[in-house]
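Contents: one structure, followed by commentary.
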Amino acid sequence: MRQPALILAATAMLFSSSVYAIDIGLTLSEESEYTTNSGLTERDEVEEWIHSPGANLQVSHDGPALVLNVDYNYRRRIYQQDLFDDDNEAAGSANLVWSVLPERLDFTVNHTRTQSAIQSINAITPNNRQETINTTAGPLVRFNPRGQDEIQFEYLWGDRSSEDTDTDATTHNFSARYQLAMSPTNSLTLEAINNQVQYENRFIPDLDTLVGQLTWARNLSNVTYSLTGGYNRTERTNSRDDVDGFIFDVQVNWQARSTTTLTLTAARDIRDQSENLSSGTFADELDFSVNSNLGEVFTNERAGLAINQRLGGRTTLDLSVSYDEEDYEDIGRDTQTLAIRLGLNRRLTQQLSLTLGLSADTQEFDDQNDEIDTLRGDLFVDWALGRRTNVGIGVRYEERSSDSNLNGREYDEWVGMIRISYDAIATN
């Protein structure tokens, strides 16, 4: 938590006036869950209670010179049967944008802590989970050559670190872009990017990537979309072959009706780490687990469709389908993942709400000759006791099957839980 603390300290020093008030929220919680299979194994299942006292810190400020958003979660996991050692988990994100010279010079800092699987082919137990930490910081310089057009130069220094695996790296990202304001609703951006990744592990090749791309963005009253196309060339050390290819990114958000929103995404990129490793969440909150022990280049193709539907004034339905493929250049870890999510939130009364979640994932591990299917369902009821206290109870079932039938890759588990939270500080 060192970097977020430094961000908050710097903010307090620079903007001590009450005009620059900071909204702070601190929620304390205790969650106890009873699981029928703590080790997530097919055989020798262990039943136990797991207690997780924790806290959530949220900080926000939106001023003329500074924008700050912090959202961090911490929990201590205590295992009744000592099958695993008690551990601490932290996940979240912090973002700071300081306008040093208005509309000319900005300075940004981003920080995330993500809980992720070390190897996604195995069950995500404490022995197969680690924290991945990403930090970037740097200036953005802007000029207006004519009208609403803008020229930008940006440099971001980055640091990547993993809790257990030897995949730490330092990154340098240089970007130059010209934004052409074609109309109030249309813009065209030409961008050149140089991204350098320097791994501490000498067996992982360093990367020097050059990207040229063009983006067309359109913002209408009921639909926004951006279309990006370009070319990526990545050079590698350690006598590894260079990798190159065309890349694209499509983002569409359509307000089809006042109660219906559709989001469409599709992309192809050349990467060395999954984008989910910088999502700032716990492992069990990720759409699907990712490998965090790799620093190898792969071609990533992904697509998704999400629908948000309000049913009356009290019910919200979320449905999403996503596909993600990682095609590695040199190692046998190719993976294809198809995920389907269904979520239902229903406010029963002013104080009582119900959440239902269903999901189905299929992961194909081509080079490891295995296909893993995961089904999950959870039901949670939340009760607001006054303005600051909430009590919730829930149940979850998860089943994982594997073609290889290897222990450690398939299991089934029932979980019952109770959660109590208290808003200790709420200034917003």
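Could you tell me which label, among (i) 1.05; (ii) 1.11; (iii) 1.18, carries the value of Cα Rg over 2.2 N^0.38 Å calculated for this structure?
The value matching this structure is (i).
Excluding residue 230 itself, what net charge comes from residues whose Cβ is under 13 Å from its Cβ, given Lys and Arg +1 and Asp and Glu -1?
Net local charge, residue 230 excluded: -1.
Relative to the present Cα-Cα distance, how much length would full extension add between residue 355 and residue 248 at 0.36 nm per residue of separation?
34.9 nm
How would you rank 199-205, 102-108, highest first, on the average number of other Cβ atoms within 10 Å across their residues?
Result, highest mean Cβ count within 10 Å first: 199-205, 102-108.
Can you tell me the mean projection area, over all orientations, of the convex hull of the range 211-276's alpha carbons? Units nm², please.
5.7 nm²
When you count, for each residue, the other Cβ atoms within 10 Å and take the mean per peptide, how do 57-63, 233-239 rank with the highest first?
57-63, 233-239
Determine the distance separating the Cα centre of the range 360-428 from the Cα centre of the range 279-328; give it in Å without decimals.
Taking the Cα centre of each part, the range 360-428 and the range 279-328 sit 15 Å apart.
Need the full-extension length gain, residue 423 to residue 263, defined as separation in residues times 0.36 nm minus the C-alpha distance. One decimal, nm.
54.3 nm
Just to confirm a number: summing +1 for Lys and Arg and -1 for Asp and Glu over residues other than residue 50 whose beta-carbon lies under 10 angstrom from that of residue 50, what do you get?
-3
To the nearest 500 deg cm²/dmol, what mean residue ellipticity at 222 nm is calculated for the chain from DSSP H runs of n ≥ 4 alone, each contributing -39,500 (n - 2.57), summed and divided by the residues?
Here the helix-only value at 222 nm equals -1000 deg cm²/dmol.
Below 8 Å between Cα atoms, with a sequence gap of 6+, how large is the relative contact order for the chain in percent?
This gives 13 percent for the chain.
Coordinate-derived values only; no laboratory data. A quick note: this is a predicted structure, and the numbers were derived from the prediction, not measured. Here Cβ is always computed from backbone atoms with ideal geometry, including for glycine, and neighbour counts include all displayed protein chains.
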